[in-house]
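Okay, structure first, notes after.
The values are calculated or read from the model by the stated rules, or taken from the named source; none is laboratory data. What you see is a predicted model; the values in this text were computed from it and never measured. As a convention, Cβ positions derive from the backbone with ideal geometry for all residues, glycine included, and neighbour counts pool all protein chains shown.
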Amino acid sequence: MKHIKNIDEITIESFIVDSQQIVSTGKPKFNIEEPPFIGPDGKYSYWLANKVPLCDRYDNIYGVIRIYTDITEQKKLEYELALAKEKAEIANQTKSQFIAIMNHDLRTPLTGLLGAAQYIQRYAENYIIRNEAQSLINCTTELLNLFNEIINLIQIESGKIIQLEIKFSLIDLIHRTLDLYKPAAKQKNYFYTLILTKIFLLC
């Protein structure tokens, strides 16, 4: 065992009592973690002790053999793991708070905007207004879908939900994505055309 210093009286007394107990009972003690010691470098070290009675040839106990194993690195690793776990729990808590804020501050107004656009699209008499309202519905729906995907990704990383495989139409997704740019393209008098090759359609 390494040289140690600054052992307090309470620790010394515990060693004495421990040895007396082993001598009186004759029962060994295994894998006992001792109080930390201060080494010559001033750093704490941790030890695991195995203590067995020392007997003469007549089985009379006259002492105690102590075998120590240095577990300082193990204790250091345990501390680092506990610290990492604490940081992970804080990060998960932060994610949960973020989800709650996003649900209230983004989903609610977006849902209201979508409802207003749907109302206009349904009851407006002017075709152009109905068409613009439909574009607004498409944009708001895609934004809500993107928001839901972000929330789902955060929940998957947090282990709160299981990742699912969902079938979708890639062509429909491309059309919906292009529809998002229609209002901006129209303002700048831009026009675009989607051309899908036969090979792409077969994929």
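Assorted remarks:
- Breaking point among (1) under 17 Å from PHE15 (Cβ atoms); (2) at pLDDT 90 or above, for LYS75: (1)
- Within the range 16-44, residues that are at positive phi reach partners that are of a type in the set (S, T, N, Q) and at pLDDT 90 or above with beta carbons closer than 8 Å, at six or more positions or on different chains, in the pairs ASN31/ASN50.
- Each residue in the range 110-158 was checked for being among the aliphatic types (A, V, I, L, M) and over 23 Å from TYR181 (Cβ atoms), and 4 of them qualify.
- If the condition is being small (Gly, Ala, Ser) and part of a helix (DSSP H, G or I), then the range 17-35 contributes SER19, SER24.
- Residue pairs whose Cβ atoms lie under 7 Å apart, sitting 6 or more positions apart in sequence or on different chains, and linking a residue in the range 90-108 that is on the phi < 0 side of the Ramachandran plot to a partner that is among the polar types (S, T, N, Q), are ASN92/SER158; LYS95/SER158.
- Some residue of the range 34-45 being among the β-branched types (Val, Ile, Thr) and modelled with pLDDT of 85 or more: no
- Checked against (1) more than 20 Å from LYS76 (Cα to Cα); (2) free of Cβ contacts under 8 Å to residues at least 24 places away in the same chain, ALA49 passes all but a single condition, namely (1).
- Hits in the range 178-195 - residues which are within 14 Å of ASN138 (Cβ to Cβ), at pLDDT below 75 and in a helix (DSSP H, G or I): ASP179, LYS182, PRO183, ALA184, ALA185, LYS186
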